[in-house]
Amino acid sequence: MSAGAPDNFAPGASGAATVPRIPPIVITEEPPRGPRLGRLKNVVFLALLTFLSIIAIYPLVWLISASFKPQQDIYDNKLIPQIWAWNYDDVFDRAPVLTWMWNSVWLSFLAAACVTITSAAVAFAFAYFRFPGRGLLFGLILATMMLPGAVTMIPVYLIWNEIGKFTMEHAWMPHIGVNTQYPLWVPNLFGSAFYIFLIRQFMLGIPRELFEAARIDGDNYFTLFWRMAVPLTKPALMVAFIFEIQAKWFDLMTPLIYLRDEALFTMPLGLKTILDSFGLGGGGEGEFHIIIAATVLTVIPMIILFAIFQRYFIEGAVTQGRKG
């Protein structure tokens, strides 16, 4: 072996060093399981979501289908009626449904506009201004959400009853109180704790530098609120507006307490009147085709409203999610 040969090489027959052979490594490729398993999960999830969607939407489909059936075919559980009947003519002929729907429309929109504007103003005050006791005051507002409506129902009714007596004693004042529609929307002028919290959290995500720059340019607090805070929180305002419309549209308890005149009824109270008049429990003859058709007239407007404004719900949820 030469002097320069490494010591770990063994000399061969010819005196040269031999390099040991390394056996080749055989790699067996297996088909990836990740994408296939992911597709299987998607299929299972889609099937489960479809099943739950069918369960959720079936009562509405059944209700709409039953509204086009005669009385004797309502409970046959067939989604396509064998005999078609236009029951809505009977509803409009035997009850002032159009009046009730109009009352519900203008009261819902008026109440929603009032509570959205006032809640947004209060939320802007809590989001922008820094003052002592701000956290305590905001906590007290949130604490009002812990009070059930049954606790304040009787005191509020007594207040409205006294207001009604006072206005009736003074002929120059409009009658405000029991058996009027004022109790259905005037309380919304004082805002809502839930909407104040919702809009305030949204406004806290607006960079404060924008408001400070506007203040330098000469804007006052009102223009800060109306020209900057309101446009930037449009998704949250629309969510609060639509939520309140839905809440007022389906509200039965408040009209049931304050309204006596049938011409002032809203749609939920009118539906209860129809149920009492035509149902078996109220002494009627069990004309459920009229009751079901009136129920469809009560539900469909809110479905249309949600279908129109659903993008605001999605936009609000996405924006809140980005804020973390």
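Structural remarks
- Charge context of F278, other residues only, Cβ under 11 angstrom, K/R +1, D/E -1: -3
- Between region 294-310 and region 94-109, the alpha-carbon centres lie 14 Å apart.
- Against the empirical curve 2.2 N^0.38 Å, the C-alpha radius of gyration of region 65-141 lands at a ratio of 2.13.
- Rg/Rg_ref, region 95-323, where Rg_ref = 2.2 N^0.38 Å and atoms are Cα: 1.21
- Nearby lysines by direct alpha-carbon distance to K234 (threshold 20 angstrom, same-chain neighbours under 8 apart not counted): K323
- Listed by chain and number, the lysines placed with their C-alpha closer than 28 angstrom to that of K78 are K69, K272; residues fewer than eight positions away on the same chain are left out.
- For the pair region 36-71 / region 126-192, the C-alpha centres are spaced 42 Å from each other.
- The phi-based Karplus calculation (6.51 cos²θ - 1.76 cosθ + 1.60; θ = phi - 60°) puts the 3J(HN,Hα) values of region 73-81 at 10, 5, 9, 7, 6, 9, 6, 9, x Hz, whole numbers, x for Gly and Pro.
- Spread over its residues, the convex hull of the C-alpha atoms of region 95-205 is 156 Å³ per residue.
- Whole-Hz Karplus values for region 82-98 come out as 6, 10, 8, 9, 8, 7, 6, 5, 5, 5, 5, 6, 9, 8, x, 5, 4 Hz, taken residue by residue from phi with 6.51 cos²θ - 1.76 cosθ + 1.60 and θ = phi - 60°; glycine and proline positions read x.
- Using the Cβ of T180 as centre and a radius below 11 Å, the other residues enclosed give a net charge of 0, where K and R count +1 and D and E count -1.
- Formal net charge of residues neighbouring F265 (Cβ-Cβ distance under 15 Å; K, R +1; D, E -1): 0
- 3J(HN,Hα) from dihedral phi, region 169-186, Karplus parametrisation 6.51/-1.76/1.60, rounded to Hz, x for glycine, proline: 6, 10, 5, 7, 9, x, 6, 10, x, 5, 6, 10, 8, 5, x, 7, 9, 4
- Legend: ranking of residues H170, H289, H175 from fewest to most surrounding C-beta atoms inside 10 Å; resulting order H170, H175, H289.
A short reminder: the numbers here are calculations on the coordinates, not readings from a lab. Quick caveat: nothing in here was measured; it's all calculated off a predicted structure. Every residue, glycine among them, receives a Cβ derived from its backbone with ideal geometry; neighbour counts consider all protein chains shown.
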